[in-house]
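Down below is the structure, laid out as structure tokens.
Where a number appears in this text, it was derived from the coordinates with a stated rule and is not lab data. The model shown is predicted, which means the values in this text are computed figures rather than measured ones. No Cβ is skipped: glycine too gets one built from the backbone with ideal geometry, and neighbour counts run over all protein chains shown.
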């Protein structure tokens, strides 16, 4: 009853409320007394607000400058409007951020800083720009797809109020100015640089949009960003850093290119995703190749099936930057088009083309930052390097575009390599300024190597061991095969060749492995309907060459070498033999170093540089050999192949490698100590230089991971292994060979022996350092718990044996410095074995 009464009262109140709010007509008199009817309670008409959706003509006025393309871009004064076709909402796009122009001391113009997938969405009165991830996926036809979407929510990068709808109501207009004028970090200077230069904020008053240009499949935006900075690298008095940023927003294909699945037996750059839709009982990471879209024209399919070479629907085109010096352009172009032979192995002709860009008069809007163009960028930078990054569709791996960054000082690097590795047999390399045709050939070599990266190929460090060392002295063999089966190895130049080996090749070409890998990655498999259908065919292509070293891929190792057959800068299948040839050539260079770097009126800077190059090359030889001690070969295989993936270096080679180090490095290499060279550029330093070289290699031999592998090898292979205790005894005996004979110990050997004792102390007192989680997949290392392994027990035994030998030798040496040194050694060893509290 109370409930019914309550309900009636509420209804009555609502009636009163409605009545009181209703508009009534009232009669009033005007100033002249005439009666007037008015809507006295009606509020005045509301003026349109700044966030209200307005007619198109009110927003995009006749003063607008319009640029049609992917989006239609309208510019009114300093305001930029995007008119987005409704058909492009929900489409994936790729935003590539580069530094177009930079302040002195901050990298170089053209460097990529960020790359991420975006999606434009329309919601109510807003347009939302979201960051899209392809890290996890599942087919949208599967029930699990909903769970994947729910666990992969796309973050919002920016929101825009809708300003108007297009004239035909099939497009939406937003003001895009604030996206580039405010500090949207993914589109600006990267976080690492902000920390390095003490950047605190964006100075809006000194930042502006330079231009926004719309093209059929991309929009290119240039904007100047000025940041307040406490540590600017140049023009410090301004207290800020100004950069010109280029953002390329690229429409990705509606239907992604068919993936080609990765196989670790063929090296390739890849994209990946965790696919929850696979019929397996785990979340599985799927990796697929980054590669250009090369397709057979419909009219050429039958020709292709017959084995005839056909032109692709769309070739790969590289433009050579206008800023490139004219004399180097032909060589860079040759390096690009050297890859034609590899694509012919994949069934294509004219698949890769080098071109000059249009002149400013021919196309004033042409820009190397435009994502439609792949460009060899010539950079005014002192960095002695070149690199070949690429931009790929993360959904499929399709390479969209690529830029090769060519630093001016790469020529210095080439000169130094070519000099130190070939001058002993090559008159063209004897000097510090090469003829243009010589430098041009070296530029062509590097150009081809970097292009290989942009095609999807990583370094193949396992290639150069395919050839027997002495074959590298054979002109007929090297003219046919080059110095390695792959130009993607760091095989560099032929340091093995000796005087008298006239006509021998000095550098690699596009080799057997390169042709094979390009064919494996790019040859269309027309009979396959899906990427899964391709797998057995791709596997069969690999098995055709299984066991052939010319077709082997060996990954690049970082942080330490475990596999001695996959090293940088090495040549041939025997590091000891190749290094002995290399050292013989260095011994020929040293006596001629002054003559080959001389120039009237010039100081001795080049002499110092080239002497440093000789030492650096010598150090590489030591590293190549040292890696065999405790080394483990890695040869990738699958279940359908016999044999182990990992095998230890045999006992004989490990012992030979230690003997080599004892003879060539730990026995002072006096051939490199030429006072006539030293007195030209330093008052002191060669003693320290030798100590540093010896110590670096010694510490490499006494590495925690290396010692752990030696112990494991002994455990597995018994007498066929080179035991850790034996290796340590051999090392100690060689390093302290003067103790048995009573010979005096010179300064170089004293330094080396102290370095040995210090390294042994380090092993006794320190554990293996940790590797940050984000770097673990890049670091090659054998992990070991040092305190619970046999390592310290063996080290302690060796220190006690050395202590006994030193104590016996102190009284036998008549040389004062040697005796002082041995007494000091005893004190050091005692402090290690019996540390004072």
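For the peptides 821-828, 72-79, 458-465, residues were scored by their other Cβ atoms within 10 Å and the scores averaged per peptide; the highest-first order is 458-465, 821-828, 72-79. Using the Stokes-Einstein relation with a Kirkwood hydrodynamic radius computed over Cα pairs, the translational diffusion coefficient of segment 684-729 at 4 °C and a viscosity of 1.567 mPa s comes to 107 µm²/s. Summarising the overall dimensions of segment 396-504 from its C-alpha atoms, the Rg and Dmax are 15.4, 52 angstrom. Modelled this way, with points 7 Å down the Cα-to-C-beta line, the labels at residue 408 and residue 823 are 5.9 nm from one another.
In whole angstrom, the chain maps to an equivalent ellipsoid with semi-axes of 64, 34, 31, each derived as √(5λ) from the alpha carbon gyration tensor and ordered largest first.
Protection proxy ranking for 798-809, 217-228, using the average of other Cβ atoms within 10 Å per residue and placing the highest first: 217-228, 798-809. Based on the convex hull around the alpha carbon atoms, segment 185-237 presents an average projected area of 4.5 nm². For segment 330-360, the residues whose amide N sits under 12 Å from a probe point set 7 Å from the Cα of residue 303 along the beta carbon direction are 348-350.
Which residues in segment 350-371 place their backbone N less than 16 Å from a point set 7 Å from the Cα of residue 91 along the Cα-to-Cβ direction? Once the point is set 7 Å along Cα→Cβ of residue 91, 371 turn out to lie under 16 Å by backbone N, inside segment 350-371.
As a length-normalised measure over Cα pairs under 8 Å and 6 or more apart, the relative contact order of segment 375-457 settles at 31 percent. Between the Cα long axis of helix 575-589 and the first principal axis of the chain there is an angle of about 80°, rounded to the nearest 10. Summarising the overall dimensions of segment 644-734 from its C-alpha atoms, the Rg and Dmax are 17.2, 55 angstrom.
Taking the inverse of the mean reciprocal distance over all distinct Cα pairs, the Kirkwood hydrodynamic radius of segment 548-618 comes to 14.9 Å. Using the alpha-carbon atoms, what tilt in degrees (0 to 90, nearest 10) does helix 704-717 show relative to the longest principal axis of the chain? Value to nearest ten degrees: 70.
Treating r as the C-beta distance of residue 191 and residue 810 and R0 as 60 Å, the FRET efficiency rounds to 0.55. Placing pseudo-labels 7 Å out from each Cα toward the beta carbon at residue 785 and residue 208 gives an inter-label distance of 6.5 nm.
Take the Cα radius of gyration of segment 187-271 and divide it by 2.2 N^0.38 Å, N being the number of residues; the result is 1.60. Within segment 513-555, the ratio Rg/Rh, alpha carbon atoms throughout and Rh by Kirkwood, equals 1.00. Largest first and in whole Å, the equivalent-ellipsoid semi-axes of segment 482-542 read 37, 9, 8, each the square root of five times a Cα gyration tensor eigenvalue.
Principal-axis analysis of the Cα atoms of the chain puts helix 605-626 at an angle of about 80° to the longest axis. Beta bridges from DSSP with both residues in the chain: antiparallel share about 85 percent, rounded to the nearest 5. If you wrap the tightest convex hull around every Cα atom of segment 702-791 and split its volume per residue, you get 130 Å³. For the peptides 652-661, 351-360, the ranking by packing is 652-661, 351-360, with the highest mean count of neighbouring Cβ atoms within 10 Å listed first. Derived from the Cα gyration tensor, the three semi-axes of the equivalent ellipsoid of segment 619-770 are 33, 18, 15 Å, largest first. Annotation: for a label point projected 7 angstrom from Cα along Cα→Cβ of residue 584, no residues of segment 627-642 have a backbone N closer than 19 Å.
For the chain, relative contact order (Cα pairs under 8 Å, six or more residues apart, normalised by length) works out to 8 percent. Distance distribution note for segment 293-375: the fraction of Cα pairs above 19 angstrom is 48%. All C-alpha pair distances within segment 457-600, sorted into 5 Å bins from zero, spread as 2, 10, 16, 18, 16, 13, 10, 7, 4, 2, 2, 1, 1, 0 percent across the bins. Between residue 78 and residue 605, the distance separating the two model label sites (each 7 Å from Cα on the Cα→Cβ line) works out to 4.4 nm. The Rg/Rh ratio of segment 65-251, with Rg taken over Cα atoms and Rh as the Kirkwood radius over Cα pairs, comes to 1.01.
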